[in-house]
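Rule-based calculations on the coordinates, nothing more; no lab input. What you are looking at is a predicted structure, and each value in this text was computed from that prediction instead of being measured. Cβ coordinates were reconstructed from backbone atoms using ideal geometry, including for glycine residues, and neighbour counts include every protein chain displayed.
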């Protein structure tokens with residue numbers, strides 16, 4: 001049994017990002033599921049481990065807690081550099097981080113489960129309101145993302161050249177998440193092409209929600 | 001006149017983060033304001049520069065566009081390493097990135113202007129609803145942030161030891177933003193103490209919203 005623990009939920013998009021990175025790096029870990037819809041992440045035993053009560057949370061072999069998917073992935077990339085998830089040059093690294101954060105800061109946080117739940121409880125949002133809200137913020141983010149990918153010389157098979165990295169991880173996890181709300185991907189041919197290239201890779205498949213032990 | 005341009009809005013919390021980093025690094029830049037409440041960031045001339053139509057956006061001296069405040073700050077830290085905004089050890093860097101992203105991914109995105117505007121237009125949210133929404137997500141993020149700062153051996157005068165860095169930049173910008181919605185800071189003595197230490201520094205003062213050319 002591994003002494004690295006990933007607190008996790010199969011359908012969490014940010015958990016999926018971290019699982020992909022762990023698979024790409026070949027790092028073995030223990031999968032500890034927390035059913036978000038049942039509120040298992042808010043139980044005292046888990047709050048003692050991670051005061052934020054969110055997933056993913058990585059417990060490293062020395063006992064250190066790291067939360068926040070991008071912080072975890074950059075940590076994995078620094079301690080286990082092969083294959084690299086960020087390019088070598090500062091300008092290229094900035095480009096990849098920008099693409100990743102366009103998803104991780106501007107799309108996902110507004111659409112995650114706790115925000116959608118609040119829209120229901122505070123504003124009485126219906127299922128249709130929720131689906132419209134979700135699609136609105138995906139489109140707000142994917143339109144400029146598609147444009148930047150279309151015009152950037154760095155764009156290749158993946159977001160940056162011919163190898164998958166941090167931005168691709170965020171992109172694929174978001175596209176997977178989109179399917180739950182029927183986002184029309186036709187306006188996004190480059191994002192779709194990159195997603196297909198990612199999903200052809202074993203790490204992305206193995207880490208996918210439907211292949212996790214708590215998948216329903 | 002500098003050939004580095006920061007597309008900017010004085011009251012934007014993410015713009016404030018980047019201004020602090022530029023001041024700390026002593027990098028001169030041209031300040032180009034976009035009045036978010038007047039929709040100036042959505043004009044075609046700006047969308048041609050930055051398809052996302054958000055601020056901040058940095059145009060580097062070679063013409064490269066970098067958006068996303070954390071991506072910009074890490075870029076500045078990589079090309080201009082003194083004073084460092086991240087610690088040297090991977091585990092410490094992960095800790096600082098985690099703290100920064102607790103604010104940048106879990107608090108700010110849910111509370112920024114375009115989301116608050118959508119709550120009004122889609123769900124008919126009142127001024128009071130908006131203020132409650134804002135305070136709710138700040139408290140959801142600041143409670144665990146305070147706890148982690150209270151128990152982490154890394155916590156010093158600043159989020160990590162005795163020098164300010166990436167997490168402090170996000171913390172101070174968020175605390176400044178909080179004042180607009182009257183967030184009660186009494187439950188957060190450590191965050192308040194770190195914020196005070198930041199605000200005593202010239203870089204944080206010079207970059208503050210009220211000291212920008214477009215301040216109202």
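Under 16 Å from the 7 Å Cα→Cβ point of residue A:143, by amide nitrogen: which residues of the range A:167-199? Under cut-off, by backbone N: A:184-189.
Dividing the helix sum by the residues of chain A, where each DSSP H run of 4 or more adds -39500 (n - 2.57), gives a mean residue ellipticity at 222 nm of -16000 deg cm²/dmol.
Inter-chain Cβ neighbour count for A:118-125, averaged per residue, equals 3 (cutoff 10 Å, partner chain atoms only).
Going by average Cβ density within 10 Å per residue, which order do the peptides A:167-173, B:75-81, B:33-39, B:162-168 take, highest to lowest?
Final packing ranking: A:167-173, B:162-168, B:75-81, B:33-39.
Rank B:54, B:99, B:201 by mean-square fluctuation in a GNM of chain B with C-alpha springs under 10 angstrom and give only the top-ranked residue. So, out of B:54, B:99, B:201, the one fluctuating most is B:201.
Between A:13, A:121, A:192, the Gaussian network model of chain A with springs among Cα atoms under 10 angstrom shows the greatest mean-square fluctuation at A:121.
Return one quarter of the surface area of the convex hull spanned by the alpha-carbon atoms of the range B:7-83, equal to its mean projected area, in nm².
Averaged projected hull area, Cα only: 4.8 nm².
Counted over the protein assembly as shown, the DSSP beta bridges are approximately 60% antiparallel. Determine the shape class of the protein assembly as shown: with a ≥ b ≥ c the square roots of the Cα gyration tensor eigenvalues, call it rounded for a/c under 1.5, and otherwise prolate if a/b is greater than b/c, oblate otherwise. Rounded, since a/c falls under 1.5.
Is the shape of the range B:92-145 best called rounded, prolate or oblate, per the rule: a/c under 1.5 gives rounded, else a/b larger than b/c gives prolate, else oblate, with a ≥ b ≥ c the square roots of the Cα gyration tensor eigenvalues? Prolate, because a/c is 1.5 or more and a/b exceeds b/c. Take each residue of peptide A:74-82, count the partner chain Cβ atoms within 10 Å of its Cβ, and average: the result is 3.
Expressed as a whole percent, how much of the Cα-Cα distance distribution for the range B:13-146 exceeds 19 Å? Tail fraction, whole percent: 60.
Inter-chain neighbour count for A:130-138: the average number of beta-carbon atoms from partner chains within 10 Å of each residue's beta-carbon is 1.
If a/c stays under 1.5 just call it rounded; otherwise compare a/b with b/c (prolate if a/b is bigger, oblate if not). Do that for the range A:137-216, with a ≥ b ≥ c from the square roots of the Cα gyration tensor eigenvalues.
oblate
If R0 is taken as 35 Å, the Cβ-Cβ distance between residue A:35 and residue B:180 corresponds to a FRET efficiency of 0.45.
Using the alpha carbons of the range B:90-203, what is the convex hull volume per residue in cubic angstrom, as a whole number? Let's see the in-between values first.
Numbers: hull volume 11.5 nm³, N = 114.
Spread over its residues, the Cα hull of the range B:90-203 gives 101 Å³ apiece.
Modelled spin-label separation between residue B:78 and residue A:62, with each label point placed 7 Å from Cα along the Cα-to-Cβ direction: 2.4 nm.
With just the Cα atoms defining each centre, how far is the range B:167-216 from the range B:1-35? Give it in Å. Between the Cα centres of the range B:167-216 and the range B:1-35 lies a distance of 16 Å.
Residue exposure proxy: A:206, B:25, ordered by other Cβ atoms within 10 angstrom of their Cβ from fewest to most, comes out as A:206, B:25.
For the residues B:142, A:123, what sequence is obtained by ranking on other C-beta atoms within 10 Å, fewest first? Please list the in-between numbers first.
Working: B:142 24, A:123 17.
Lowest count first: A:123, B:142.
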